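The values are calculated or read from the model by the stated rules, or taken from the named source; none is laboratory data. Not measured: the values here are computed from a predicted model. FYI the Cβ positions are ideal-geometry reconstructions off the backbone, even for glycines, and counts take in every protein chain you see. The accessibility values were calculated without ligands, DNA or RNA, using every heavy atom of the protein model including side chains. Shrake-Rupley method; radii C 1.70, N 1.55, O 1.52, S 1.80 Å.
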Amino acid sequence: MRKIILIPLVLILYQSPLYAEFTFTFKWGDIPMCTTGNPNRVNNPIFELNGLPDGVTKLTFRMIDKNVPTYNHGGGKINNYDGSSVIEPGAFKYKSPCPPNGKHTYEWIIKAYEGTKKVATAKSSLKYP
């Protein structure tokens, strides 16, 4: 009878998340308008982070133009992450969005590390301009 009682408990524990899912939103912030196809080097957007696991020490950031994924907009990293839920402009610089032909969709990917071990990844997209 104990086995019958333990199986449901094991399933409940297995299905319960250990921590909230890592998500984030971002705002372009005060970057210069650019639609020439020649990006500016600008400060990072404003990132609002949610659900990062405890113990995260490093964050890496990368931006992809979903319309031209081969173009390298770069990104940055924060090697001594302090647990802040908001990453303000100035943490790193990257090549701004600058679509030459209408709106493009840009996706940021953030990877979170505890030491050298990747513990979470999240993506978020916005159109520009």
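General remarks:
- Of all residues making up region 102-129, the number that are touching a residue at least 40 places away in the same chain (Cβ under 8 Å) and farther than 17 Å from Phe24 by Cα: 4
- Positions within region 70-84 being assigned to a loop (DSSP other than H, G, I, E, B) and open to solvent by 80 Å² or more (accessible area, probe 1.4 Å), in sequence order: Thr70, Tyr71, Asn72, Asn79, Asn80, Asp82
- Scanning region 10-28 for residues that are modelled with pLDDT of 95 or more and open to solvent by less than 100 Å² (accessible area, probe 1.4 Å) yields Phe22, Thr23, Phe24, Thr25, Phe26, Trp28.
- Residue in region 87-104 that is under 14 Å from Asn50 (Cα atoms) and either aliphatic (A, V, I, L, M) or in a loop (DSSP other than H, G, I, E, B) (or both) present: yes
- Single match in Thr116, Thr105, Thr60 (criterion: loosely packed, with under 13 Cβ neighbours inside 10 Å and among the β-branched types (Val, Ile, Thr)): Thr116
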